[in-house]
1. So, in nm, how far is label Lys99 from label Ser151 when the simple model puts each one 7 Å beyond its Cα toward the Cβ?
2. Work out, step by step, the length gained on full extension between Phe47 and Ala174: first 0.36 nm times the residue separation, then minus their alpha carbon distance; give nm to one decimal.
3. For Gln82 and Ser60 in the same chain, what is the full-extension length gain: residue separation times 0.36 nm, less their Cα-Cα distance, in nm?
4. For segment 72-205, count all C-alpha to C-alpha pairs, find those more than 23 Å apart, and express that count as a whole percent of the total.
5. Past 22 Å, Cα to Cα, is the threshold; run Lys117/Lys169; Lys121/Lys165; Lys121/Lys169 against it and keep the listed order.
Amino acid sequence: MKTTRKIGVVTALLTALSLGTVMTSNAQDATPAKASSSSSSSDNKEFRLSVGPDFGLPVSDLSQGYNWSAGGFVQADIPVIQNLYVTVDAGYRGIFSKKGSELSGSKGVDLQTIPLKAGLKYFFVDNLLYVQGQAGATILANKSNALADKSAGFTYSPQVGVLIKLAHKNYLDAGFYWESTQSFWNNGPGTLNMLGLRLAYTLGI
């Protein structure tokens, strides 16, 4: 399916971009930096920008008609106080249907979604382990093809993750999330739920 191929290409490009940037930053960082309390404090209060791929597995009602999801996202982490950030997140995700599925009248059409969220991220282990909570809206880009009643639904998503420092102001962010979105169909399931993994190259600014 053309949509599946397009999303697969986007996801592959984002993964390659993330890995390529990480390799470049490691090559440039030939001399190890000395750890200090001042640099650690600075890292905890820096603006961070992340980009990477997103993979998910539908659960509960959504799993009856859909197999998996893939896409990409960009997220900004804005420091508030030490270890606490405000997050702003935008992405694109394809949710791929099972053959012959007619869940909620969608006639087996892949869903093309645009999640837009904001929230808070808190590091409970200094600059390493975190919890994140976000809420916002998910836009259904192909509402007509999916025979949906609504073009957007309320979304919330808790996440736990780890931030691995690769070099000065360069990180790998890996997080596991649960996401729930209000149904796009009046007579469909009440919520569209998903478990997923996000990987991102993160740059401190």
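Computed from the coordinates by the stated procedures, all read-outs in this text should not be read as laboratory data. Keep in mind that what you see is a predicted model, and the values were worked out from it rather than measured. Positions of Cβ are generated from backbone atoms using ideal geometry, with glycine treated the same way; all protein chains shown enter the neighbour counts.
1. Result: 3.4 nm between the two label points.
2. Fully extending the segment from Phe47 to Ala174 adds 43.9 nm.
3. Computed gain between Gln82 and Ser60 is 4.2 nm.
4. The calculated P(r) of segment 72-205 puts 38 percent of pairs beyond 23 Å.
5. Working: Lys117/Lys169 24 Å; Lys121/Lys165 17 Å; Lys121/Lys169 18 Å.
Check vs 22 Å cut-off fails for Lys117/Lys169.
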